[in-house]
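Please read through the structure below; I'll follow up with questions.
Each value in this text was obtained by applying a stated rule to the coordinates, not by laboratory testing. Just so we're clear, the structure is a prediction, and the values are computed from it rather than from any experiment. Cβ atoms come from the backbone with ideal geometry, glycine included; neighbour counts cover every protein chain shown.
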Number of protein chains: 2
Amino acid sequence: MPGRVTIEYCTQCNWLARAAWVAQELLTTFATDLTEVALVPGTGGVFRIGVDGDPVWDRKADGGFPEPSQLKRLVRDRVAPGRDLGHADRAQ
Amino acid sequence: MPGRVTIEYCTQCNWLARAAWVAQELLTTFATDLTEVALVPGTGGVFRIGVDGDPVWDRKADGGFPEPSQLKRLVRDRVAPGRDLGHADRAQ
């Protein structure tokens, strides 16, 4: 089913809290657009976010953690194209 | 892949925060036993937890929300049978 987000996070780096925070941000903004947000424990410094299997953010490739507004635009473009995100759109 | 937990929660009842808390409790205790914990938005008072498709808790059927120690025993029995949960086992 479309609308599945995965948040892979590094357990060695204690990034569960950050991953759960990001999940709540996405589920608050996209409560009716997402079917689920899965928290996926990993290792080795991973912090990677995917939408329906497509990577939208990778800490190593993108040089750090995403700001919620940045991430919401990336997710919006896949699950609710054209939808106005209010502040998150004007924060560019 | 075994070790997938789903937490279906009611968005109308604002139970996202509780669902995210339960997810973090499970991922802290079972970081190496679970492949993922998925937060699944729903409606109509749902608060239902499943392990690999099997229901382990349903708010309506079980008369309320699970205590973390209770829930951890149910999840342990499926993903890490025999594992000692320390306090969570003695809290029975």
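Go through chain A and tell me which helices (runs of 4 or more DSSP H), entirely inside it, have 2 or more residues that are in contact with a strand residue (DSSP E or B) (Cβ under 9 Å, 6 or more places away or on another chain).
In chain A, the matching helices (runs of 4 or more DSSP H) lie at A:16-29, A:59-62, A:68-79.
So, in the stretch B:6-43, how many residues would count as being at the interface with another protein chain (Cβ under 10 Å from one of its Cβ atoms), surrounded by 19 or more Cβ atoms within 10 Å (Cβ to Cβ) and among the aromatic types (F, W, Y)?
Number of matching residues: 2.
Also, quick follow-up: Of (1) away from chain A (no Cβ under 14 Å); (2) hydrophobic (A, V, I, L, M, F, W, C); (3) closer than 23 Å to A:A23 by Cα; (4) free of Cβ contacts under 8 Å to residues at least 12 places away in the same chain, B:F65 satisfies all except one. Which?
(4)
I'd like to know if the stretch A:69-80 contains one or more residues that are under 25 Å from B:L26 (Cβ atoms) and surrounded by 15 or more Cβ atoms within 10 Å (Cβ to Cβ).
Scanning the stretch A:69-80, I find at least one residue that is under 25 Å from B:L26 (Cβ atoms) and surrounded by 15 or more Cβ atoms within 10 Å (Cβ to Cβ), so the answer is yes.
If the requirement is being in contact (Cβ under 8 Å) with a residue 60 or more places away in the chain and closer than 14 Å to A:L39 by Cα, which of these qualifies: B:V5, B:V22?
Only one candidate passes the filter, namely B:V5.
Of all residues in the stretch A:30-73, how many are in contact with a Phe, Trp or Tyr (Cβ under 9 Å, 6 or more places away or on another chain) and polar (S, T, N, Q)?
Of the residues in the stretch A:30-73, 1 are in contact with a Phe, Trp or Tyr (Cβ under 9 Å, 6 or more places away or on another chain) and polar (S, T, N, Q).
Test A:R48 against the criterion of being surrounded by fewer than 19 Cβ atoms within 10 Å (Cβ to Cβ) and either among the hydrophobic types (A, V, I, L, M, F, W, C) or touching a residue at least 12 places away in the same chain (Cβ under 8 Å) (or both), and give yes or no.
Judged against the criteria, A:R48 is not a match.
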